[in-house]
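Throughout, read-outs are computed from the coordinates displayed, never taken from laboratory work. Being a predicted model, the structure only gives us computed values, none of them experimental. When we count neighbours, we look across all protein chains shown, and the Cβ atoms used for this are built from the backbone with ideal geometry, even at glycine.
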Amino acid sequence: MTVDTRTTALQDLYQEWERTGVSPFFPVIESNDGNLVATDRYPALTMFGSCDYLGLSQNPVLKEAAIDAVRRYGTNTYGAQLLCGHTRLHHDVEATLRAMSPLDSAILFPSGMAANLAVITAMASKDDVIINDRTDHVSIFMGSQLSGAEVRTFPHNNMAKLESLLQRSDDKRRRIVIVDGLYSADGDFAPLDQIAALADRYDARIVVDEAHSFGVVGPNGLGVAEYYGVLDRVDAVVATMSKALGSTGGFVLTNAELERQLRYMAPSYTSSRGSAPAAAGATLASLRLLAESGADLRRRLDANVQLVLTGLRAAGVDLMNTRSHIVPVLVRDEDKTVAVANWLMERGVFTATFVYPHVPQNTGRLRIGITAGHTTEECERLVALIVEASREFSF
Ligand code: PMP
């Protein structure tokens, strides 16, 4: 995959949906009330398109912590982090993340995207090879291109192909395998147990993006690498606060040497504003809440996920290979995917519409994000509506 924002065929497709008034993209959110959102087009939609997997973005404890941070520090930090630092809240978030994980260091970034760019460009350069799963997040491909390393890709979760790429790269100074822990549009895991074994055999480094799994997957919610028991084999974990943690900002867990390199040299750390104090305050509250009641929230989420997966699979709806709170409902044709998204909104349910180029052509899907905050009734209604849509639209 290369990153190209200039393709005009693509712009035509999206413009046509806008012109005919059916575009489900860029809804303007007028207000939020728990799981209900009012948009510029619909007064009350149950939100099933978010990444707020633990339902924390609407939690009163996080809201109060954000407000308190604004009272103490104002609405912004003073300048670039290298020069003007960050607040005590940011400092405490780093310390809390460090204490939670077996890796030595934690470092905060303005976003998960900034974190991926920083880590990959710090670890790789022209004498190295980066080996990416083809379904990796676009920020991984951007960082890989920017690093100047040779970039190779393997078909999604294809370990035989990964092994052959590793075998054929022993002339390189470093081999770096980069995967998402949990794939954001497919809902399945990277087989990190097998990837760790291959990395041992071929002396490769591993970076894992746990954006969609941090807080949710693994015995302590540290992600898919923890789930497979290989966190100590990973060189860097990249994640974001913008999903299960209910805030914004990115972070990296890594070794002390790479942390130092990032802190002094990575442009998206040194020369970009850190997250706002309100976000750091909300994140700190979120991490404390996870320490107290993360296991309960994860149990609640799992019950909702099982309800939705069982109900939809029993009705024959194609959910790809998901095993998680990310539930792709495969519709395939792009226009039909947009039509189903609108049909659901007319019935009060918001899902995220994923079409080309964000997923491969003719694999359009509605991406449902189940959360611990959804009620059983909301999940049952979602299942009933999607089953009805699958008959109405034949997918
Ligand atoms: N990695 C993955 C896998 C993601 O899905 C995202 C966000 N969609 C990011 C990184 C970027 O995170 P952020 O929104 O904090 O920039």
Treating only Lys and Arg (+1) and Asp and Glu (-1) as charged, each at its beta carbon, one finds that segment 77-275 has a dipole about its Cα centre, in Debye to the nearest 20, of 480
With +1 on the Cβ of every Lys and Arg and -1 on the Cβ of every Asp and Glu, the dipole magnitude of the chain about its Cα centre, in debye rounded to the nearest 20, is 480
Cross-link reach from Lys243 to lysines, straight Cα distance under 18 Å and at least 8 residues apart if same chain, gives Lys63
Cβ-Cβ cut-off under 14 Å around Ser125, Lys and Arg +1, Asp and Glu -1: the net charge is +3
Along segment 342-349, Karplus-curve 3J(HN,Hα) (6.51, -1.76, 1.60; θ = phi - 60°) to the nearest Hz, with x for Gly and Pro, reads 5, 4, 5, 5, 4, 9, x, 10
Restricting to aspartates and glutamates and to Cα separations under 18 Å from Lys336, and discarding same-chain partners fewer than 8 apart, the set is Asp12, Glu16, Glu18, Asp318, Glu346, Glu388, Glu392
Most exposed first, judged by fewest Cβ atoms within 10 angstrom, Cys51, Cys379 run Cys51, Cys379
Packing-ranked peptide list from 240-247, 124-131, highest mean Cβ count within 10 angstrom first, is 240-247, 124-131
Normalised Cα Rg of segment 77-275, dividing by 2.2 N^0.38 Å with N its residue count, works out at 0.96
Stokes-Einstein, Kirkwood over Cα pairs, segment 168-270, 37 °C, 0.692 mPa s; D in µm²/s equals 228
Exposure-ranked with fewest Cβ neighbours within 10 Å first, Phe189, Phe26 stand as Phe26, Phe189
Hits in segment 332-360: amide N under 18 Å from the 7 Å Cα→Cβ extension of Ile29, namely 345, 348-354
Rh_Kirkwood(segment 109-187) over Cα pairs, Å, one decimal, evaluates to 12.7
Going from the fewest other Cβ atoms within 10 Å to the most, one would list Tyr228, Tyr264 as Tyr264, Tyr228
Per its Cα gyration tensor (rounded if a/c is under 1.5, else prolate when a/b beats b/c, else oblate), segment 339-395 is best filed as oblate
Applying the gyration tensor rule to the Cα atoms of the chain (axes a ≥ b ≥ c; rounded if a/c under 1.5, else prolate if a/b exceeds b/c, else oblate), the class is oblate
Farthest towards the positive end of the dipole of segment 334-395, among Ser394, Asn362, Leu344 and with Cβ unit charges of +1 on Lys and Arg and -1 on Asp and Glu, lies the Cα of Asn362
